[in-house]
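Undergrad: Have a look at this one before I ask anything.
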Amino acid sequence: MINVSRQQVEDFHGPEDYWCLCVAWSHLGTSKSRKATVRIAYLRKNFEQDPQGKEVPINGMIVLHCRPPEGVPLAEVEWLKNEELVSSLTDDNIDTRADHNLIINEARLSDSGNYTCLASNIVAKRRSATATVIVYVNGGWSLWTEWSPCNVPCGRGVQKRSRTCTNPAPLNGGAFCEGMSVQKITCNALCPIDGAWDEWSEWTLCNSQCERQRSRECNSPAPRNRGKTCEGNSEATENCTDGLCTQNRKLLHDVKPQSMDSSNDVALYSGLGAGIIAVAILVVAVMLYRKNHSEYGVDVIDSSALTGGFQSFNFKTTRQGNPLLLNSSMPPDLTVGRTYSTPLCFQDSTDKELFDPLPDIKVKVQSSFMVSLGVAERAEFHAKATAETFPRDLSRDYCSTVDRRKKGLLTLNGPINTAKEQLRTTGVFGHPGGRLVVPNTGVSLLVPHGAVAENMSWEMYMVINQGEASVQTLEGCEILLGPEVTYGPPGLDLLCPVAMTIAHCAEVDAENWNIQLKRKTQDSKWEDVMLVDEESTSCYSLMDLTSCHLLLDQPGSYTLVGEPLTQAAIKRLKLAVFGSMEGGSMNYSLRVYCVDDTPHAFQGVVAAEKSRGGQLLEEPKMLPFRANTFSLQVSIQDVPQFLWSIKPFTTCQEFSFPQVWCSNQQPLHCAFSLERYSPATAQLSCKISVRQVKGHEQILQVYTAVAETEKESVPFFMQTDCTIMSQTGPKAFKIPLSIRQRICATFDTANAKGKDWQLLAQKLHLDRNLGYFAKQQSPSAVILSLWEARHQDTADLDSLASALEEISKIHSKSAPKDQDDPESDFNHIQAGGLCRTGKLRVRRRRTLLLNIQAERDETMSAN
């Protein structure tokens, strides 16, 4: 036996192994034992390879690698899951290999957790870094539901079917289902047709019972599609001898006295004579009336009569270059007779072709009864629609009228310069991003930070096209709900989508509107991109009350197109009244404009009136205009009769339904010309009523001072972006870059507790079409870009602070705070502003808001 100490080994042998052997000998010889080696035991601290966290789909294979630290003797390896020992003996799905790796053959949801490699020998135990394993589930679509019944009992409607992302539902950051969750198709419900009687047949000859018969059939038309059958009798019988019977088998009425025939002749001739006398008296009265009233022209009350009723005109050319004309494309002022200016509105292309060659004309109508054609046409048009949905015939008439307008037969002639200059804004953008704004149009483009690669820049532009090409290429009953906007250049290559905002004029309701985003192809045709209320992974749309916010990847021309599904569909109109003195000091002109309620459309009116010297007399108002096929009436009321004169029967004017509904961002206007009796009259007060037949009404109150001296123009726009067209860098964004980066770093990382970008979208009320965000490299960055575009005018940082506060409260309740938990980084976003004490809610939100604003100001001042 020999005792060897560690000190001896280190002193005499150093790092080399120490060994010894036993030698036995005798007279027979010597024998040696095998060597006994003595080594110093140790176990180093650092693992040669730590296991790495993984995200694997369900049923996928999980392989966690572990190479323990160097040690003598070699370390034994065990695996811990959530601090509990993992054994392959109790679970066939788990395999612990000799190479110390942990293999899970088919991942289950229960396999999610924190895994640790534990190495130990006689010296010590060592723990590896914790590897977080997340088993996620990608969403899968359920089966489509059955198609819903047509939502209208008669005419054109919509059928829907839907599916949900629940087969299975996405879990632990799994991908959301791609594609649409709702599909719509149009349907045509057959309208019931009530039966109607045909004409009666001829009476039969009297029979032996002194009776005769006649019959009719219910086939004009026959009842179809659950229509009502004819009411009444199909046969009729009457006595053909006025109640007398037969005498010697002869009808008594065949034997008439001669005196009866002569009395009948006298009555006949007397009636004819009286009729002729009455007609002669009526003709003389009409001629006298026309002679006495010829100097006043006609009582035109419907501007649509000009396109359908007049047959004879007498044109008289006056001086050229009338300063009252807005421009050569505007309909000229018209006068009826010699004194009064007739407030007629020419909006159809036929009028434009007729009057454009004559810069200043006067019209005198030769035939007054022709006006009845316009009135009759209006009455017939109104009688076609009574139901709440489009009947088949009405829908066909409505759509065909729209088609005619788009082909040029009814093209509007609004007060826009014929040059149709494009509204254009440009800017050079690099990696910091920026914003393009077309002033006073409700159109903007947000280029997010990081959309342009580093060390690169693009000269980008945005254009509002004001031509009529868009109208001519639309199909069916579609109308423009906003301007056509183009952004480019065509070869633009960005790393993330841009956010475009376009103002619209629709009262958004999925039951009444079918609103689509369309893109213009290279051959100038429109192609469907998406329905704004459906989900798509190619682009994203968010409809607010007055604007649509789009996330787009491809440059090009885009526009919003709406198709009414029912008569309850509403398009907003903006109404404005302007006034100015006419050529004579005694005349004053009131001009009423009806234009789609978008800033871009109203800007054309403003530009035209500024060049004309017009004054805005009343704050513009909004009128809901329904798709019920009824016309729009404009009338002037409460004019002081002893101070001002206006031509009789010209106080009411009318626009037909297609003119208003299919205006496609082009303004309609009509004028009222008043004459004051005395130059001393310095005030004008009256009311302008604008109403849709069987619809809404709006009153414009006019109270203005009338003077020949030039007055200060009333400001038409009060927006803050009247002159700002391009912003680059941090000053273009509400959220400071550092705050934005911290939010993205926190929410883009999938977390087993469910705190990720989907919760951020939910709290910012952007939680629809999540499949689009899911495919982005940084979903949180795209969500914040959409939030920036939505709040560019309000600068509502409080809503963002409130959302972050709610998320912080949710996760502070779900789990105790761990200093080593990566989620604790979320609190750094709040810059100390989000306390966890409920009593300080208002204070912490205010603190966060001030911190965000302070950091934004510092960033901008530094730049």
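Undergrad: When the range 673-692 is examined, which residues are found to be in contact with a Phe, Trp or Tyr (Cβ under 9 Å, 6 or more places away or on another chain) and either within 27 Å of GLY583 (Cβ to Cβ) or open to solvent by 20 Å² or more (accessible area, probe 1.4 Å) (or both)? Walk me through it before giving the result.
TA: Filtering the range 673-692 down to residues in contact with a Phe, Trp or Tyr (Cβ under 9 Å, 6 or more places away or on another chain) leaves 673-677, 681, 683-686, 688, 692.
Within the range 673-692, SER673, LEU674, GLU675, ARG676, TYR677, THR681, GLN683, LEU684, SER685, CYS686, ILE688 meet the criteria.
Undergrad: Let me ask something else about it. Search the range 631-653 for residues being aromatic (Phe, Trp, Tyr) and part of a loop (DSSP other than H, G, I, E, B), and hand back the single one that is modelled with the lowest pLDDT. Don't jump to the end; show me each part of the working.
TA: First, pick out the residues of the range 631-653 that are aromatic (Phe, Trp, Tyr): 642, 644, 649.
From what's left, part of a loop (DSSP other than H, G, I, E, B): 642, 649.
Values: PHE642: 86, PHE649: 72.
Looking at residues that are aromatic (Phe, Trp, Tyr) and part of a loop (DSSP other than H, G, I, E, B), I get PHE649.
Undergrad: Next question, about the same structure. Scan the range 98-127 for residues that are part of a loop (DSSP other than H, G, I, E, B) and on the phi > 0 side of the Ramachandran plot and jot them down. Give the derivation first.
TA: Just the residues of the range 98-127 that are part of a loop (DSSP other than H, G, I, E, B), to begin with: 98-101, 105-108, 112, 121-124.
Passing the criteria: only HIS100.
Undergrad: For the range 580-604, enumerate the residues that are within 19 Å of ILE636 (Cβ to Cβ) and either in a helix (DSSP H, G or I) or open to solvent by 10 Å² or more (accessible area, probe 1.4 Å) (or both).
TA: Selection gives SER580, MET581, GLU582, MET586, ASN587.
Undergrad: Tally the residues that are basic (Lys, Arg) and over 26 Å from the mean Cα position of the chain (by Cα), restricting the search to the range 650-691. Give the derivation first.
TA: Taking the range 650-691 and keeping what is basic (Lys, Arg), we get 676, 687, 691.
Pick out the ones that are also over 26 Å from the mean Cα position of the chain (by Cα) and you get 676, 687.
Selection size over the range 650-691: 2.
Undergrad: Let me confirm something: among GLU146, GLU106, GLU178, which residue is among the acidic types (Asp, Glu) and either open to solvent by less than 50 Å² (accessible area, probe 1.4 Å) or within 26 Å of the chain's Cα centre (by Cα) (or both)? Give the derivation first.
TA: Working: GLU146 fails: either open to solvent by less than 50 Å² (accessible area, probe 1.4 Å) or within 26 Å of the chain's Cα centre (by Cα) (or both); GLU106 fails: either open to solvent by less than 50 Å² (accessible area, probe 1.4 Å) or within 26 Å of the chain's Cα centre (by Cα) (or both).
On inspection, the qualifying residue turns out to be GLU178.
Undergrad: If you don't mind, there's one more thing I want to ask. Within the range 128-145, how many residues are of a type in the set (Phe, Trp, Tyr) and outside any strand (DSSP E or B)?
TA: Pass one, the range 128-145, residues of a type in the set (Phe, Trp, Tyr): 136, 141, 144.
After this cut, where a residue has to be outside any strand (DSSP E or B) as well, the list is 141, 144.
Matching residues across the range 128-145 total 2.
Undergrad: Could you tell me which numbered condition ASP95 fails, if it satisfies all but one of (1) open to solvent by 80 Å² or more (accessible area, probe 1.4 Å); (2) free of Cβ contacts under 8 Å to residues at least 40 places away in the same chain; (3) outside any loop (DSSP other than H, G, I, E, B); (4) not β-branched (Val, Ile, Thr)?
TA: (1)
Rundown of residues vs (1) surrounded by fewer than 18 Cβ atoms within 10 Å (Cβ to Cβ); (2) at pLDDT below 85; (3) assigned to a strand (DSSP E or B), yes/no style:
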{"residue": "LEU410", "(1), (2), (3)": "no, yes, no"}
{"residue": "ILE416", "(1), (2), (3)": "no, yes, no"}
{"residue": "ALA419", "(1), (2), (3)": "yes, yes, no"}
{"residue": "GLY427", "(1), (2), (3)": "no, no, yes"}
{"residue": "LEU436", "(1), (2), (3)": "no, no, yes"}
{"residue": "LEU445", "(1), (2), (3)": "no, no, yes"}
{"residue": "GLU454", "(1), (2), (3)": "yes, no, no"}
{"residue": "MET460", "(1), (2), (3)": "no, no, yes"}
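Undergrad: Next question. For the structure I just gave you, tell me whether LEU565 is hydrophobic (A, V, I, L, M, F, W, C), more than 28 Å from SER457 (Cα to Cα), modelled with pLDDT under 90 and open to solvent by less than 10 Å² (accessible area, probe 1.4 Å).
TA: Details: hydrophobic (A, V, I, L, M, F, W, C): yes; more than 28 Å from SER457 (Cα to Cα): yes; modelled with pLDDT under 90: yes; open to solvent by less than 10 Å² (accessible area, probe 1.4 Å): yes.
For LEU565, the condition - hydrophobic (A, V, I, L, M, F, W, C), more than 28 Å from SER457 (Cα to Cα), modelled with pLDDT under 90 and open to solvent by less than 10 Å² (accessible area, probe 1.4 Å) - is met.
Undergrad: Restrict the check to the range 606-615 and report whether at least one residue is of a type in the set (Val, Ile, Thr), over 26 Å from ALA503 (Cα atoms) and crowded, with 17+ Cβ neighbours inside 10 Å.
TA: So the first thing to find is which residues in the range 606-615 are of a type in the set (Val, Ile, Thr), and the list is 606.
Narrowing further to those that are over 26 Å from ALA503 (Cα atoms): none.
For the range 606-615, residues of a type in the set (Val, Ile, Thr), over 26 Å from ALA503 (Cα atoms) and crowded, with 17+ Cβ neighbours inside 10 Å: absent.
Undergrad: Say we look at the range 605-630 and pick out the residues that are over 25 Å from the mean Cα position of the chain (by Cα) and in a loop (DSSP other than H, G, I, E, B); which of these is farthest from LEU565 (Cα to Cα)?
TA: Checking each candidate, the answer is GLY613.
Undergrad: Residues to consider are LYS518, LYS525; find the one that is out of contact with any Lys or Arg (no Cβ under 8 Å at 6 or more places or on another chain), surrounded by fewer than 20 Cβ atoms within 10 Å (Cβ to Cβ) and among the charged types (D, E, K, R).
TA: On the way: LYS518 fails: surrounded by fewer than 20 Cβ atoms within 10 Å (Cβ to Cβ).
The unique qualifying residue is LYS525.
Undergrad: Still on this structure: I'd like to know if the range 534-545 contains one or more residues that are part of a strand (DSSP E or B), in contact (Cβ under 8 Å) with a residue 12 or more places away in the chain, within 20 Å of LEU766 (Cα to Cα) and open to solvent by less than 10 Å² (accessible area, probe 1.4 Å). Walk me through how you get there before you give the answer.
TA: Restricting attention to the range 534-545, the residues satisfying the condition of being part of a strand (DSSP E or B) are 540-543.
Now narrow it down to the ones that are in contact (Cβ under 8 Å) with a residue 12 or more places away in the chain: 540-543.
Then keep just the ones that are within 20 Å of LEU766 (Cα to Cα); that gives 540-543.
Going one step further and asking which of them are open to solvent by less than 10 Å² (accessible area, probe 1.4 Å), we end up with 540-541.
Checking the range 534-545: at least one residue is part of a strand (DSSP E or B), in contact (Cβ under 8 Å) with a residue 12 or more places away in the chain, within 20 Å of LEU766 (Cα to Cα) and open to solvent by less than 10 Å² (accessible area, probe 1.4 Å).
Undergrad: Right, next: Limited to the range 646-670, what total is found for residues that are of a type outside the set (D, E, K, R) and open to solvent by less than 20 Å² (accessible area, probe 1.4 Å)?
TA: Start the filter on the range 646-670 by keeping residues that are of a type outside the set (D, E, K, R), which leaves 646, 648-653, 655-670.
Then drop every residue that is not open to solvent by less than 20 Å² (accessible area, probe 1.4 Å), which leaves 650, 653, 655, 657-665, 667-670.
Total satisfying the criteria: 16.
Condition check ((1) among the aromatic types (Phe, Trp, Tyr); (2) open to solvent by 60 Å² or more (accessible area, probe 1.4 Å); (3) more than 52 Å from the chain's Cα centre (by Cα)) across all residues:
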| position | (1), (2), (3) |
| --- | --- |
| GLU202 | no, yes, yes |
| LEU205 | no, yes, yes |
| CYS210 | no, no, yes |
| ASN219 | no, yes, no |
| ARG226 | no, yes, no |
| THR229 | no, yes, no |
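Undergrad: Now, a different point. In a loop (DSSP other than H, G, I, E, B) and either of a type in the set (Gly, Ala, Ser) or open to solvent by 20 Å² or more (accessible area, probe 1.4 Å) (or both): is that true of GLN554 in this structure?
TA: Details: in a loop (DSSP other than H, G, I, E, B): yes; either of a type in the set (Gly, Ala, Ser) or open to solvent by 20 Å² or more (accessible area, probe 1.4 Å) (or both): yes.
It is true that GLN554 is in a loop (DSSP other than H, G, I, E, B) and either of a type in the set (Gly, Ala, Ser) or open to solvent by 20 Å² or more (accessible area, probe 1.4 Å) (or both).
Undergrad: Could you check PHE642 against (1) at positive phi; (2) open to solvent by 10 Å² or more (accessible area, probe 1.4 Å) and say which number it fails?
TA: Looking at each condition in turn, PHE642 falls short on (1).
Undergrad: List the number of the failed condition for VAL135; all other conditions in (1) open to solvent by 20 Å² or more (accessible area, probe 1.4 Å); (2) in contact (Cβ under 8 Å) with a residue 40 or more places away in the chain; (3) not basic (Lys, Arg) hold.
TA: Of (1) open to solvent by 20 Å² or more (accessible area, probe 1.4 Å); (2) in contact (Cβ under 8 Å) with a residue 40 or more places away in the chain; (3) not basic (Lys, Arg), only one is false for VAL135: (1).
Undergrad: Please determine whether any residue of the range 616-624 is at pLDDT 90 or above and crowded, with 23+ Cβ neighbours inside 10 Å.
TA: Scanning the range 616-624 turns up no residue that is at pLDDT 90 or above and crowded, with 23+ Cβ neighbours inside 10 Å.
Undergrad: Restricting to the range 568-579, name every residue that is open to solvent by less than 10 Å² (accessible area, probe 1.4 Å), within 30 Å of SER524 (Cα to Cα) and of a type outside the set (D, E, K, R).
TA: ALA569, LEU573, listed by residue number.
The values are calculated or read from the model by the stated rules, or taken from the named source; none is laboratory data. Since we're looking at a predicted model, the values are computed, not measured. Methodologically, a virtual Cβ is constructed for each residue, glycine included, from the backbone with ideal geometry; neighbour enumeration extends over all protein chains shown. Side chains included, ligands, DNA and RNA excluded: accessible areas come from the protein's heavy atoms. Shrake-Rupley method; radii C 1.70, N 1.55, O 1.52, S 1.80 Å.
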